[in-house]
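> Before anything else, here's the structure in question.
The values are calculated or read from the model by the stated rules, or taken from the named source; none is laboratory data. None of the values given here were measured: they were computed from a predicted structure. Here the Cβ positions follow ideal geometry from the backbone for every residue, glycine too, while neighbour counts run over all protein chains shown. The protein model used for the area step is the full one, side chains on, heavy atoms only, and it has no ligands, DNA or RNA in it. Shrake-Rupley method; radii C 1.70, N 1.55, O 1.52, S 1.80 Å.
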Amino acid sequence: EILRDINPDPENIYKGMSIVRKASLTIDTDVKMKRWNNKLFKNGARPGVVVEVPDQLKDDAYNRLKQQFDEQYRGTGNAFNRVILEGGAKMSPFMMTTQDLDFLESKRFTRDEILAMFKVSGSNLGITEDVNRANAEAQDYAYAKRCIKPRLEQFVDFINKRLLRPIYGGEYVLSYEDPVPENTEMRLKEAQAGVNNWLTIDEVRDM
């Protein structure tokens, strides 16, 4: 009643191994980094700028400065407004530390590792770093050829051997439509080179 179509596992041929199980350590690392990042913003969200003053501010001066920033500089509508500071105060942007930058780079590496395990390129998920239309289409072609088509072949072969052959012998077989997109540019070049040489004009029209 049940046919098990599994990814093979050298250590256990009966149960197999999923991609998620194989990638569990990498996925766990990504989850823990996201939780760490979430706690950072919950418990210690960092400011955009730092205002330094030479002496301790009195309550009235502190409240006036805070109100000034809230009213005149908060929000996108107040972007690029002039900032006027008194009493020797200085303002500087809050910079990310080297550890923070390494953390971000680690997240990118982990993301790329997970994508590679599933044979998916970043452009398939809308990640457009260093991607144009030409190489995005090339990545779609490679994904269909190296990931989707082999999986289809594996599944169809499994169904034919385990389900159709025992019931119908060799009379019926399951097949599929090729998911790999046609390389129209290559076919056009072949037609242009072959017309009136090894192909007739009517054969090119049929193509």
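> Before we move on, is Phe109 in contact (Cβ under 8 Å) with a residue 24 or more places away in the chain and within 30 Å of Arg35 (Cα to Cα)?
no
> Tell me, please, whether a residue that is β-branched (Val, Ile, Thr), touching a strand residue (DSSP E or B) at 6+ places or on another chain (Cβ under 9 Å) and more than 24 Å from Met17 (Cβ to Cβ) can be found in segment 123-142.
No, the conditions are met nowhere in segment 123-142.
> Kindly evaluate Arg162 against the criterion of being assigned to a helix (DSSP H, G or I), in contact with a Leu (Cβ under 9 Å, 6 or more places away or on another chain) and either of a type in the set (Lys, Arg) or open to solvent by 70 Å² or more (accessible area, probe 1.4 Å) (or both).
In short, yes.
> Count, please, the residues in segment 1-55 that happen to be closer than 21 Å to Lys107 by Cβ, at pLDDT 80 or above and of a type outside the set (Lys, Arg).
The number of residues fulfilling the criteria is 12.
> Given (1) over 30 Å from Asp5 (Cα atoms); (2) open to solvent by less than 80 Å² (accessible area, probe 1.4 Å); (3) aliphatic (A, V, I, L, M), identify the lone condition not met by Val180.
Every listed condition holds for Val180 apart from (1).
> Here is a follow-up. On the given criteria, is Val156 modelled with pLDDT of 80 or more and within 31 Å of the chain's Cα centre (by Cα)?
yes
> Val204 is checked against (1) in a helix (DSSP H, G or I); (2) of a type in the set (Val, Ile, Thr); (3) modelled with pLDDT of 85 or more and fails just one. What number does that condition carry?
(3)
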